[in-house]
């Protein structure tokens, strides 16, 4: 069995203002700790994620994969 205190779910997000709220709600139901990494989005992804209760790290520019 996985100990939930030993897991951190990392959610990369780029311009996901339409879907990020539902993703966060689903993660909250699972009970695992998580953080949203906003990859330089130009929409309201970071703000919506924060209002939905997520811890958010916002990168100043879009770095893409890698």
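The values are calculated or read from the model by the stated rules, or taken from the named source; none is laboratory data. This structure is a prediction, so every number in the text was calculated from the model and none was measured. We place every Cβ from the backbone using ideal geometry, glycine too, and count neighbours over all the protein chains shown.
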Among 18, 35, 65, the single one that is modelled with pLDDT under 95 and either more than 13 Å from the chain's Cα centre (by Cα) or outside any helix (DSSP H, G or I) (or both) is 65
Within the set of pairs 6+ apart or on separate chains, which have a first residue in the stretch 37-58 that is in contact (Cβ under 8 Å) with a residue 12 or more places away in the chain and at positive phi, a second that is part of a helix (DSSP H, G or I) and surrounded by 15 or more Cβ atoms within 10 Å (Cβ to Cβ), and C-beta atoms under 7 Å apart?
-> 53/24
Matching residues in the stretch 38-62 - criterion: being within 25 Å of residue 6 (Cα to Cα) and part of a loop (DSSP other than H, G, I, E, B) = 52, 53, 54
Subset tally (residues that are surrounded by 15 or more Cβ atoms within 10 Å (Cβ to Cβ) and touching a strand residue (DSSP E or B) at 6+ places or on another chain (Cβ under 6 Å)) for the stretch 36-58 | 12
